[in-house]
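Trainee: The structure follows.
Values quoted throughout were computed directly from the atomic coordinates according to the rules given, and no laboratory measurement underlies them. What you see is a predicted model; the values in this text were computed from it and never measured. Ideal geometry is used to build each Cβ from the backbone, glycine not excepted, and the neighbour counts take in all protein chains shown.
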């Protein structure tokens, strides 16, 4: 079965500091996509960053970057220079190439302190 | 342009009643997805539509759940004879094309919070 595990239910970080959220997944597939979504209190899921499994280079979007370790099936999210607006639930998700179903982890609640 | 919209935003219903949840996808998006988010859980896939057809209904938790999409646009998720365990946030997403055809992003709506008393 394909599963996504986020082992940190809650994390906190001070404003301007760096925080890393962890995610591991289990799959026998070789072609897939990995995602990090942010869910603020408004409930709307927002795509933060995406990684294609065939790409060795780690994806980066401004202050957000990932550490993708395919062999270890690990996909962590690093948030640099944390801002108060980064406070939200963060979900790691997985989708097999050529399928439509996103499989989500249980989420990590990130608190940002001034 | 407008994003994915869902209505109602919140719905409280008594156990045993039927409810309908509505999703308006982004104009031009052919694929539409329904997910359920229970308290403390991640999102659970329910069903997706490509146009008006639903190739994958595998995530519907029971036969009390059904969904339809008309005109390739609006979708309705219906829950019959609601139970307390149906209480959750129901999220809808749409994408430009079937996600499996490429890295098409799924854009999410704000969800409907359903509470069954």
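Trainee: I'd like the FRET efficiency for residue B:14 and residue A:42, computed as 1/(1 + (r/R0)^6) with the beta carbon distance as r and R0 of 25 Å, rounded to 0.05.
Mentor: That pair, residue B:14 with residue A:42, gives E of 0.35.
Trainee: Which shape class, rounded, prolate or oblate, goes with region A:54-110 when its Cα gyration tensor gives a ≥ b ≥ c as root eigenvalues, a/c under 1.5 marks rounded, and past that a/b bigger than b/c marks prolate?
Mentor: Note, shape of region A:54-110 comes out oblate.
Trainee: Hey, got the Cα dimensions of chain A along the principal axes, in Å, largest first?
Mentor: Ordered largest first, chain A gives principal extents of 42, 27, 21 Å.
Trainee: Which residues among region A:80-110 fall inside the zone where the amide N is under 12 Å from a point 7 Å beyond the Cα of residue A:63, along Cα→Cβ?
Mentor: Answer for this model: A:80-88.
Trainee: Oh, and also: To the nearest whole number, what is the average tally of beta carbon atoms from other chains within 10 Å of the beta carbons of peptide A:96-106?
Mentor: Counting Cβ atoms of other protein chains within 10 Å of each residue's Cβ and averaging gives 6.
Trainee: Shifting gears a bit: Modelling each spin label as a point 7 Å along the Cα-to-Cβ direction, I'd like the residue B:7/residue A:97 distance in nm, to one decimal.
Mentor: So the two model labels end up 4.2 nm from each other.
Trainee: If we restrict to alpha carbons, what Rg and Dmax does region B:1-112 come to, in Å?
Mentor: 13.3, 42
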